[in-house]
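The values are calculated or read from the model by the stated rules, or taken from the named source; none is laboratory data. Because the structure is a prediction, the values reported are computed rather than measured. Don't worry about glycine lacking a Cβ; one is built from the backbone with ideal geometry, like all the others, and counts go over all protein chains shown. Areas reflect the complete protein model, heavy atoms only, side chains present, ligands, DNA and RNA absent. Shrake-Rupley method; radii C 1.70, N 1.55, O 1.52, S 1.80 Å.
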Amino acid sequence: MSVSERPTIVLFTRDLRVRDHPALAAAARVGGPVVPLFVLDRAVRERSARNRLSYLGDALRDLREELRRLGGDLVVRSGDTVDETMRVAAATGAARVHLSFDVSAFAARRAERLREAAADRRMEVAEFPGVTVVPPGEAVPTGGDHYKVFTPYWRAWESREWRAPERAPKRLELPSGLDAGSVPKRLADSGTGPLSPRRQSGGETEARRRMAAWLDADCADYEHTHDDLAADATSRLSADLRFGCLSPLELALAAREHPACGPFVRQLAWRDFHHQVCAAFPDLAHRDYRERDIAWRSDDSGFAAWCEGRTGVPVVDAGMRQLLDEGFMHNRARLITAAFLTKRLRVHWKRGGDHFHAVLSDGDIADNYGNWQWVAGTGNDTRPNRSFNLLRQSRRFDPDGAYIRRHVPELAEAAGTEVHAPWRAEQPPTGYPSPLLDEDG
DNA sequence: GCAAGATTGTC
DNA sequence: ACAATCTTG
């Protein structure tokens, strides 16, 4: 076999698409056979949220169809990602492995192990962009390894030239005699957290439909409606981005075409911002980014009430119940519920972040824990003592209480002003807990 | 040492 | 729109 005929393995991780996939596009350009491979890692399978495993199953089935349309297939294995990749490499005589660069501690360790194992077999490992719009490490401040403050990052992010998006390969050739394996049917039987009844389904095909509808209609109103809890007028593309069913670059380029979508593009920069923080500080999910002397409390019963959406503070409970019901929470509600747990109950951000991570379909290490630390005051906020007035937030972002009523049925009949603070009503609603607050607001 | 004023950063 | 922090007289 000549060198050019030796296959390239494209190791898919959370970049489950064929369009604008630099690692796949580069593999197709090499010219020989391509082995699109996904390894269902045992550790990932046991630790992931059921809601994400459910989305993952959808995404893998869709990716397989897309690859088959191109003449290839998705090769699926289970076990340890590096071991299984090397097994496929041995069976096919692959010369190189392509994968997308990713930032979590888990991803960094996986890439490191992959490089070591590949070196033993004289194979190349090449990492490609695609998980973020601007790759971590490409926008770097003078005199530092990463941006610690969002606004300077935003300026650098916005003004730099982005790479050109890649087309899906025209045609893929799979090495012959390779067992493709199957996508497990009941992926969400393992994993942690609930399987939410209204969780989002996924995959590139569906994600692209959602993206087109968003850009076509609602993105232009984003600036004025994104904080309206009841309007539910955010993109809902977070899980699609989390699994890479959408290219964040393609989305950002398309959104940038509409002047009114500026504020939405800025949110995509926040996503990149947290990724470049995580790349430089991989312990983001475990340790204070900035060490603060905060007197955390254990408050197990308060934490349990928060998880269940039974704190007695309607806007908090509405958010927490939306999370359980949908595997998703409105961004504004994420800020409110996280502020309640860390600032009011004084429960450590790590416990809140872990709960979110066990439920969210879009649960992403960099975004989730970066935002939790931001709210808790240990992260990248320049104003770490920021405080949320919960009642003001509730009245401002859910003025007629429609969000609360939608998610907290005990309050469905509550009067206009009482829906935000039912403990003030002459007759507080039955079956709804009294608030875990030491003072109003 | 202090207050007015400028700057900074914003989820 | 606004508050925390930094600069200046």
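Of the residues A:Ser54, A:Ala25, A:Thr13, the one whose Cα sits farthest toward the positive end of the charge dipole of segment A:11-65, with +1 on the Cβ of Lys and Arg and -1 on the Cβ of Asp and Glu, is A:Ser54. In chain A, the longest principal axis of the Cα atoms and the axis of helix A:314-326 are about 30 degrees apart. Modelled this way, with points 7 Å down the Cα-to-C-beta line, the labels at A:Ser201 and A:Phe388 are 3.2 nm from one another.
Simple spin-label estimate for A:Ala213 and A:Ala415 gives 3.9 nm between the two label positions (7 Å along the Cα-to-Cβ direction from each Cα). Once backbone amide H atoms are built at 1.01 Å from N, A:Val125 has A:Val97 as its partners under 5 Å, excluding neighbours fewer than 5 places away on the same chain.
Once each part is reduced to its C-alpha centroid, what is the distance from segment A:215-294 to segment A:50-89 in angstrom? Using only Cα atoms to place each centre, the spacing works out to 26 Å. Which of A:His348, A:His224, A:His258 ends up with the largest GNM mean-square fluctuation for chain A, with Cα atoms connected below 10 Å? Checking each option, the largest mean-square fluctuation is seen for A:His224. Residues A:Trp372, A:Trp423 ordered from highest to lowest accessible area at a 1.4 Å probe: A:Trp423, A:Trp372. With a 1.4 Å probe rolled over the protein heavy atoms of all chains, the accessible area of A:Ser298, A:Ser361, A:Ser201 falls in the order A:Ser298, A:Ser201, A:Ser361, largest first. Around the amide H of A:Val10, modelled in the peptide plane, lie the amide H atoms of A:Val35, A:Leu37, A:His98, all under 5 Å away and 5 or more residues distant in sequence or on another chain. Taking all protein chains together and a 1.4 Å probe, the residues A:Arg396, A:Arg424 rank A:Arg396, A:Arg424 from largest to smallest accessible area. Summary value for chain A: 19 percent relative contact order, contacts being C-alpha pairs under 8 angstrom separated by 6+ residues. In order along segment A:363-371, the phi-based Karplus estimate (6.51 cos²θ - 1.76 cosθ + 1.60, θ = phi - 60°) of 3J(HN,Hα) comes to x, 10, 4, 5, 5, 5, 6, x, 5 Hz; Gly and Pro are listed as x. Among the lysines, which fall within straight-line cross-link reach of A:Lys185, defined as a Cα-Cα distance under 20 Å, with same-chain neighbours fewer than 8 residues apart omitted? Straight-line reach from A:Lys185, under 20 Å: no lysines qualify.
Put simply, the amide H of A:Val419, placed in the peptide plane, has no neighbours under 5 Å, leaving out anything fewer than 5 places away on its chain. Take chain A with all the other protein chains still there, run a 1.4 Å probe, and you get 43 Å² of accessible area per residue. For the peptides A:26-34, A:97-105, the ranking by mean Cβ contacts within 10 Å, running from highest to lowest, is A:97-105, A:26-34. Note that segment A:417-434 has calculated 3J(HN,Hα) couplings of 7, 6, 5, 7, 8, x, 5, 8, 5, 3, 10, x, x, 6, x, 10, x, 6 Hz, one per residue in order, obtained from phi through the Karplus relation 6.51 cos²θ - 1.76 cosθ + 1.60 (θ = phi - 60°); glycine and proline are x. Summing +1 for each Lys or Arg and -1 for each Asp or Glu, what net charge is found among the other residues whose Cβ lies under 15 Å from the Cβ of A:Gly144? Residues close to A:Gly144 contribute a combined charge of +1. Multiplying the residue separation of A:Ser182 and A:Leu253 by 0.36 nm and removing their Cα-Cα distance gives an extension gain of 22.1 nm.
Rounded to the nearest 500, the 222 nm mean residue ellipticity of chain A from helices alone is -13000 deg cm²/dmol, with -39,500 (n - 2.57) taken per DSSP H run of at least 4 residues. Rounded to the nearest 10 degrees, the angle from helix A:150-159 to the longest Cα principal axis of chain A is 40 degrees. The distance between label points at A:Glu5 and A:Arg68 comes to 2.8 nm (points 7 Å beyond Cα on the Cα→Cβ vector).
Take chain A, connect every pair of alpha-carbon atoms lying under 10 Å apart with a spring to form a Gaussian network, then pick out the residue of A:Gly177, A:Gly203, A:Gly401 with the largest mean-square fluctuation. Residue with maximal mean-square fluctuation among A:Gly177, A:Gly203, A:Gly401: A:Gly177. The C-alpha atoms of chain A define a longest principal axis, and helix A:50-69 lies at about 30 degrees to it.
The aspartates and glutamates whose alpha-carbon is closer than 12 Å to the alpha-carbon of A:Lys148, local same-chain residues fewer than 8 away aside, are A:Asp381.
Using θ = phi - 60° in the Karplus curve 6.51 cos²θ - 1.76 cosθ + 1.60, the 3J(HN,Hα) couplings for segment A:126-143 round to 10, 9, 10, x, x, 7, 10, 5, 9, x, x, x, 8, 9, 10, x, 5, x Hz; x is entered for Gly and Pro. Net charge dipole, segment A:300-424: roughly 600 debye, given to the nearest 20, about the Cα centre with Cβ charges of +1 for Lys and Arg and -1 for Asp and Glu. Among the protein heavy atoms of chain A, carbon and sulfur supply 47% of the accessible surface, probe 1.4 Å, non-protein parts ignored.
Structural size metrics of segment A:362-441, computed from C-alpha coordinates, are Rg and Dmax of 15.8, 45 Å.
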